[in-house]
Amino acid sequence: MSDSFRIFIRHPAGVVGLTILLLVCLAVLSAPVLYPGSPWDMVNAPLLPPGSLGAVLGTDTMGRDIASGILHGAVVSLTIGLASTAAALFFGVTLGAVAGFAGDTADMLIVRFIEIFQTIPNFVLAILLVAILSPSIWTIILAIGLVSWPPLARLTRIQVKSIAARDFVQAARCQGQGSMQILLRHVMPNALSPIIVAGSMTVASSILIEAALSFMGLGDPNYMSWGYMIGAGRTVIRQAWWASLFPGLAIFLTAIAINLIGEALNDALNPRISRS
Amino acid sequence: MTLLSVKDLSIALPGGADRSHAVSHVSFDVEENQIVCLVGESGSGKSMIAHALLGLLPPGIAVDGGSLQFQGTDLAAISAEARRTIRGNRISMIFQEPLTALNPLKRVGEQVAEAIRVHQGQMQPATMKAKVEELFAQVGLPQPAQLQMAYPFQLSGGQRQRVMIAMALSNNPRLLIADEPTTALDVTTQRQILDLIKSLQKSHAMGVLFITHDIGVVADIADTVVVLNKGTVVETGAADRVLLAPTQSYTKALLDAVPGRGAFRASGSSSVPILEICGLHKRFTTRQGLFAKPREVVAARNVNCHVSAGDTLAVVGESGSGKSTLARIMLRLVDPDSGDILYRGTSVRNMDRRKLRDFRRKAQIVFQDPYSSLDPRLKIGESICRGPRAFGASRGEARDIAEHWLDRVGLAAQAFDRFPHEFSGGQRQRICIARALALQPEILIADEAVSALDVSIQAQVLDLLNDLKSEMGLAMIFITHDLRVAREIADRILVMRQGEVEEERLTAELFAEPRSDYTKRLLEAIPGRSFFSARLSVHESA
């Protein structure tokens with residue numbers, strides 16, 4: 001692992017991605033200090049351009065401070081990105097591992113179940129779930145988690161299947177180790193690297209789905225979110241470009257940072273690439 | 001006339017490799033109408049030389065000294081463009097793995113036609129077809145006209161290699177480079193391909209540079225031998241001279257390591273069998289789609305055999321004979337369709353989970369591939385400990401057991417805390433043996449346990465297995481495709497073919513008077529057989 005860490009740290013994509021992500025985390029931490037008030041408060045005249053006194057990035061149609069919105073919005077984006085990915089990993093990895101390890105019948109049933117989910121367009125299902133369950137941060141996490149797990153499950157399944165066919169797994173079975181022990185201690189550790197990489201990419205896509213939901217007005221009304229800000233600024237984009245541009249940039253940079261980290265992780269955790 | 005003259009060749013490796021040069025100061029010649037064998041163990045740099053000739057060295061590795069004179073051009077100094085006009089034309093190459101060397105999505109006839117088109121330009125489809133057909137006939141492919149339309153997966157390993165040879169011959173090369181062309185093939189197919197290469201070499205009056213690790217193959221086809229060790233030439237000369245009167249100790253050691261020349265083992269024990277297989281049947285069906293007819297492969301048809309303590313049974317057969325499936329069925333890693341496995345009289349098939357676990361403790365297996373049979377993320381000591389721990393040993397006891405066995409198989413106890421990738425193939429196989437024996441088994445199944453190893457390492461591992469077997473009174477089942485190895489270790493040999501037992505005999509009897517035609521063919525196909533028996537009698541009379 002220390003080898004992988006060193007490769008990751010030396011990887012240019014990893015360093016850039018990590019730096020941007022650290023800045024986003026810094027935003028989360030500094031939001032209550034720099035902008036102690038609620039980001040929903042109307043603190044200034046509406047539609048002030050960036051650089052105005054008291055509003056570094058300008059204000060929106062209601063006179064809310066965009067900079068404050070972006071810093072506070074980082075909390076929502078990161079929480080939802082991480083929490084829904086965790087949920088998706090939990091479902092996906094568990095089901096995938098069972099499908100790959102438990103034999104033909106379980107495999108067939110789980111694969112059919114995954115296919116049901118894969119035939120429904122992701123985003124439509126997420127909208128539907130949030131609309132039915134009423135928008136709140138928890139329903140959004142649940143909805144994004146539910147639409148993101150199938151690819152992770154498929155990846156886990158195929159990884160587990162290929163590792164389980166290797167001789168050392170058979171040898172472990174001959175050593176008298178139990179199935180659960182073999183799965184957890186021999187198969188999963190060897191299957192994990194691509195799953196971690198895919199998981200990091202899922203964080204980025206979750207952030208994008210959340211932004212899209214908020215843009216459509218399905219965000220949690222108690223939290224300021226980047227997607228909501230773009231949605232709100234969309235009507236005045238010709239007069240006040242800054243109201244949409246800055247939150248858009250924030251989404252763009254965060255998603256790209258996480259993708260870069262994923263790419264670096266991919267190289268660092270893949271022994272064949274990293275050793276050459 | 002000298003066709004190829006390699007002078008003082010050095011090939012540099014990138015920093016961090018185990019040595020600075022893959023090969024250094026290597027010189028040898030290939031004359032016209034001659035077969036030169038480059039022989040050496042893995043890591044000796046023999047393939048690097050072949051790849052350097054055609055400019056196929058992997059990135060980061062380059063020729064950094066010497067010259068490769070081929071018909072007046074230095075292959076090390078020409079442009080990529082000039083090299084392309086030579087490659088596949090005046091020099092062509094055949095590779096080890098005939099499956100991966102052919103494009104899986106293209107008909108084989110078209111692939112050969114492409115090789116012709118590159119160097120001879122477009123021609124009429126009918127002319128081309130006739131040309132390919134003639135080549136296919138030359139390399140002994142059956143029904144050359146129809147076979148042109150086949151895809152690689154429809155052909156057997158030997159047929160694929162014949163297609164590769166046809167492709168290599170398509171532009172009448174002066175020099176043919178063959179990089180371990182028979183290593184991936186069964187012994188009878190190997191024999192056919194060797195005969196083919198030899199006869200084509202004569203009829204085309206080509207020079208052949210033949211790369212192999214198997215000194216038996218060398219004895220069969222070489223005119224001149226170049227022995228390589230760790231990137232330097234150890235000995236070179238006419239084949240008869242080098243093989244019969246080697247001057248260097250390394251060459252002698254290589255010759256002596258070839259298995260299958262020692263005295264036959266006599267079956268000592270006739271006691272009650274520990275493990276018995278009765279009337280075993282197993283067929284695999286693969287469904288290829290909802291409506292396609294399922295494909296069936298018979299892995300075992302009425303197989304019977306037994307082993308008792310101190311007894312070694314070798315199961316010999318070509319690929320697809322069902323020998324590995326038999327090993328897995330014995331351990332119930334695969335369930336048979338019918339028949340029974342009896343361990344000390346009790347049926348293994350009817351055992352519940354608890355009993356099965358106890359049985360598996362008594363029957364251990366060592367696998368073929370030393371690279372995939374150890375968990376890459378576990379320290380090897382930990383891998384060995386897992387077994388005793390699963391049967392209730394404490395952490396400290398398990399560690400003691402592991403250290404004892406590491407020491408016993410010839411690795412220092414310090415090896416305990418290292419990872420599998422830090423060991424060579426032979427060392428890993430020793431670790432696997434230690435892992436199996438740490439459970440104090442009564443039965444040891446070795447599934448091609450030495451096939452992936454160099455001959456010299458092979459001999460060491462076989463010795464180790466023999467010692468351990470007699471020390472612990474193990475019943476051993478040794479699965480191999482190599483009759484030479486079987487002869488080295490087994491009391492009895494069971495010959496399998498397509499899931500059926502051809503014959504089961506005492507080793508000495510089987511070698512002296514094989515009953516089935518198939519066994520006879522297997523025996524005749526052993527590379528270097530006549531040479532080694534001649535060598536043996538020379539040694540005995542001396």
When the residues of the stretch B:1-45 are narrowed to those that are closer than 22 Å to B:L200 by Cβ and under 26 Å from the mean Cα position of the chain (by Cα), which ends up surrounded by the fewest Cβ atoms within 10 Å (Cβ to Cβ)?
B:Q34
Helices (runs of 4 or more DSSP H) (entirely within the stretch A:161-227) containing at least 2 residues that are of a type outside the set (A, V, I, L, M, F, W, C) and closer than 30 Å to A:P247 by Cβ
A:188-215
Count of residues meeting criterion [more than 21 Å from A:C25 (Cβ to Cβ), of a type in the set (A, V, I, L, M, F, W, C) and assigned to a loop (DSSP other than H, G, I, E, B)] in the stretch A:36-87
7
Can you tell me which residues in the stretch B:135-170 are outside any helix (DSSP H, G or I) and crowded, with 18+ Cβ neighbours inside 10 Å?
B:V139, B:G140, B:L141, B:Q148, B:L155, B:S170
For B:I61, which of the numbered conditions (1) surrounded by fewer than 16 Cβ atoms within 10 Å (Cβ to Cβ); (2) more than 26 Å from B:A238 (Cβ to Cβ) fails to hold?
(1)
Listed residues B:E403, B:E471; which is surrounded by fewer than 19 Cβ atoms within 10 Å (Cβ to Cβ) and part of a helix (DSSP H, G or I)?
B:E471
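Condition check ((1) within 14 Å of chain B (Cβ to nearest Cβ); (2) not charged (D, E, K, R)) across all residues:
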| site | (1), (2) |
| --- | --- |
| A:Q118 | no, yes |
| A:R157 | no, no |
| A:R185 | yes, no |
| A:S214 | no, yes |
Restricting attention to the stretch B:354-376, does a residue exist that is without any contact (Cβ under 8 Å) to a residue 40 or more places away in the chain, within 9 Å of chain A (Cβ to nearest Cβ) and under 29 Å from the mean Cα position of the chain (by Cα)?
yes
Can you name every residue in the stretch B:377-398 that is surrounded by fewer than 19 Cβ atoms within 10 Å (Cβ to Cβ) and more than 7 Å from every other protein chain (Cβ to nearest Cβ)?
B:K379, B:E382, B:G392, B:A393, B:S394, B:R395, B:G396, B:E397
What's the number of the condition B:R344 fails, among (1) among the basic types (K, R); (2) surrounded by fewer than 16 Cβ atoms within 10 Å (Cβ to Cβ); (3) within 14 Å of chain A (Cβ to nearest Cβ)?
(3)
Condition check for B:G339: part of a strand (DSSP E or B) and either within 10 Å of chain A (Cβ to nearest Cβ) or more than 22 Å from B:F423 (Cα to Cα) (or both):
yes
I'm trying to understand the selection: among the residues of the stretch B:474-515, which are closer than 22 Å to B:Q190 by Cα, assigned to a loop (DSSP other than H, G, I, E, B) and touching a Pro at 6+ places or on another chain (Cβ under 9 Å)?
B:D482
With B:T285, B:T325 as the choices, which residue is among the β-branched types (V, I, T) and free of Cβ contacts under 8 Å to residues at least 40 places away in the same chain?
B:T285
Inspect the stretch A:82-92 for any residue being more than 30 Å from A:I158 (Cα to Cα), in contact (Cβ under 8 Å) with a residue 40 or more places away in the chain and not β-branched (V, I, T) and give the result as yes or no.
no
What's the number of the only condition in (1) within 14 Å of chain A (Cβ to nearest Cβ); (2) of a type in the set (V, I, T); (3) within 16 Å of the chain's Cα centre (by Cα) that B:V450 fails to meet?
(1)
Please go through the stretch A:232-244 and give me each residue that is part of a helix (DSSP H, G or I) and touching a helix residue (DSSP H, G or I) at 6+ places or on another chain (Cβ under 8 Å), ordered by number.
A:A232, A:G233, A:R234, A:V236, A:W242, A:A243, A:S244
All-but-one check, B:R349 against (1) assigned to a loop (DSSP other than H, G, I, E, B); (2) touching a residue at least 40 places away in the same chain (Cβ under 8 Å); (3) away from chain A (no Cβ under 13 Å), failing number (2)
Yes or no: B:L280 under 30 Å from B:G473 (Cβ atoms), modelled with pLDDT of 90 or more and part of a strand (DSSP E or B)?
yes
Qualifying residues in the stretch A:168-181 (those that are under 35 Å from the mean Cα position of the chain (by Cα) and more than 15 Å from B:P388 (Cα to Cα)) - the one nearest to the other protein chains (Cβ to nearest Cβ)
A:F168
Residue pairs, Cβ under 7 Å, 6 or more apart or interchain, first in the stretch B:41-59 and touching a residue at least 60 places away in the same chain (Cβ under 8 Å), second polar (S, T, N, Q) and surrounded by 19 or more Cβ atoms within 10 Å (Cβ to Cβ). List them.
B:S44/B:N229
Of A:A165, A:A106, which residue is more than 30 Å from A:V76 (Cβ to Cβ), surrounded by fewer than 19 Cβ atoms within 10 Å (Cβ to Cβ), within 14 Å of chain B (Cβ to nearest Cβ) and not β-branched (V, I, T)?
A:A165
B:A434 vs. criteria within 14 Å of chain A (Cβ to nearest Cβ) and modelled with pLDDT of 90 or more:
yes
Among (1) assigned to a loop (DSSP other than H, G, I, E, B); (2) within 20 Å of B:M167 (Cα to Cα); (3) of a type in the set (K, R) - the single one B:R19 does not satisfy:
(2)
Please determine whether any residue of the stretch B:247-257 is of a type outside the set (D, E, K, R), under 18 Å from B:L483 (Cβ atoms) and touching a Ser or Thr at 6+ places or on another chain (Cβ under 9 Å).
yes
Do we find that A:A67 is under 30 Å from A:R234 (Cα atoms), more than 20 Å from the chain's Cα centre (by Cα) and surrounded by 19 or more Cβ atoms within 10 Å (Cβ to Cβ) in this structure?
yes
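Rundown of residues vs (1) out of contact with any Ser or Thr (no Cβ under 6 Å at 6 or more places or on another chain); (2) modelled with pLDDT under 85; (3) within 22 Å of B:R357 (Cβ to Cβ), yes/no style:
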position: B:F291; (1), (2), (3): yes, yes, no
position: B:P294; (1), (2), (3): no, yes, no
position: B:V303; (1), (2), (3): yes, no, no
position: B:H306; (1), (2), (3): yes, no, no
position: B:D311; (1), (2), (3): no, no, no
position: B:G317; (1), (2), (3): yes, no, no
position: B:K323; (1), (2), (3): yes, no, no
position: B:R332; (1), (2), (3): yes, no, yes
position: B:D335; (1), (2), (3): yes, no, yes
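Conditions tested, residue by residue: (1) of a type in the set (A, V, I, L, M, F, W, C); (2) at pLDDT 90 or above; (3) touching a helix residue (DSSP H, G or I) at 6+ places or on another chain (Cβ under 8 Å).
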residue	(1), (2), (3)
B:N466	no, no, yes
B:D482	no, no, yes
B:V501	yes, yes, no
B:A525	yes, no, yes
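Let's see how each residue does on (1) more than 18 Å from A:W138 (Cβ to Cβ); (2) away from chain B (no Cβ under 14 Å); (3) more than 21 Å from the chain's Cα centre (by Cα); (4) not charged (D, E, K, R):
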site	(1), (2), (3), (4)
A:P189	yes, no, yes, yes
A:W226	yes, yes, no, yes
A:I230	yes, yes, no, yes
A:R238	yes, yes, yes, no
A:W242	yes, yes, yes, yes
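The values are calculated or read from the model by the stated rules, or taken from the named source; none is laboratory data. Remember, predicted model here, so these are calculated numbers, not experimental data. We place every Cβ from the backbone using ideal geometry, glycine too, and count neighbours over all the protein chains shown.
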